[in-house]
1. Is it the case, given these coordinates, that R86 is more than 16 Å from ligand 1 (Cβ to nearest atom), assigned to a strand (DSSP E or B), more than 14 Å from the chain's Cα centre (by Cα) and charged (D, E, K, R)?
2. Is there a residue being surrounded by 12 or more Cβ atoms within 10 Å (Cβ to Cβ), at pLDDT below 90 and over 20 Å from V48 (Cβ atoms) anywhere in the stretch 128-136?
3. Among the candidates G122, G92, which residue alone is under 27 Å from F143 (Cβ atoms), of a type in the set (G, A, S) and surrounded by 14 or more Cβ atoms within 10 Å (Cβ to Cβ)?
4. Among all residue pairs at least 6 apart or on different chains, which show Cβ distances below 9 Å where the first residue, located in the stretch 7-22, is over 27 Å from S75 (Cα atoms) and assigned to a helix (DSSP H, G or I) and the second is among the small types (G, A, S) and modelled with pLDDT under 90?
5. Considering only residues that are out of contact with any Pro (no Cβ under 8 Å at 6 or more places or on another chain), assigned to a loop (DSSP other than H, G, I, E, B) and farther than 15 Å from N35 by Cα, look in the stretch 55-75 and name the one that is farthest from ligand 2 (Cβ to nearest atom).
6. What's the total number of residues in the stretch 90-116 that are charged (D, E, K, R) and modelled with pLDDT of 95 or more?
Amino acid sequence: MITMGRRKQQLVMMTIMIVITIVLMALISDAKIINITNKLGSKKTLIVHCESVDDDLGVLAVNYGDFYHWDFEDSSLFRPVVFWCRLALEDGRLSFVAYIEQEGGGGYAVMGYDVNETGLYGPNMYDEWRKYDLLHPWKRIQFP
Ligand SMILES: *[C@@H]1O[C@H](CO)[C@@H](O)[C@H](O)[C@H]1NC(C)=O
Ligand SMILES: *[C@@H]1O[C@H](CO)[C@@H](O)[C@H](O)[C@H]1NC(C)=O
């Protein structure tokens, strides 16, 4: 039996704790996808700008019929992940919260949003069953 010094024992314990924490974090982490589809008629281009506290995904143009998606992981042990997006048309604007990480993880793996002439449709996060709903109508911009 090898006897370890107290310092060495502490070091081994700390290493084990760190490894356990990393493994737990990997198990808890939950891959998510946000997917925004342009279903605007009349060949309209949708301008999308999404960001979280840590990531600015930039301003992108999504053509009619195309979709834009990205994936990320819940962070669980740290502050929750929140993504919000601003959408723009030539004559309309709207903004919405695309994702809020839930305490204890879970939730849908894919958040699919559709945009048409009425507004933004997708899973209603305030509904128990995440009902597909009109979440935000367009705010129309009037040009004089
Ligand atoms: C995004 O949505 C479009 C249209 O509903 C679908 O065709 C596509 O497979 C989706 N992509 C992902 C990664 O979920
Ligand atoms: C937008 O999509 C919703 C849900 O599919 C549909 O009920 C609505 O009529 C659509 N609006 C337009 C202008 O096509």
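The values are calculated or read from the model by the stated rules, or taken from the named source; none is laboratory data. Note that the structure is predicted; figures quoted are calculated from it, not measured. When we count neighbours, we look across all protein chains shown, and the Cβ atoms used for this are built from the backbone with ideal geometry, even at glycine.
1. Working: more than 16 Å from ligand 1 (Cβ to nearest atom): yes; assigned to a strand (DSSP E or B): yes; more than 14 Å from the chain's Cα centre (by Cα): no; charged (D, E, K, R): yes.
For R86, the condition - more than 16 Å from ligand 1 (Cβ to nearest atom), assigned to a strand (DSSP E or B), more than 14 Å from the chain's Cα centre (by Cα) and charged (D, E, K, R) - is not met.
2. Checking the stretch 128-136: at least one residue is surrounded by 12 or more Cβ atoms within 10 Å (Cβ to Cβ), at pLDDT below 90 and over 20 Å from V48 (Cβ atoms).
3. Going through G122, G92 in turn, just one is under 27 Å from F143 (Cβ atoms), of a type in the set (G, A, S) and surrounded by 14 or more Cβ atoms within 10 Å (Cβ to Cβ): G92.
4. none
5. This residue is S75.
6. Number of matching residues: 2.
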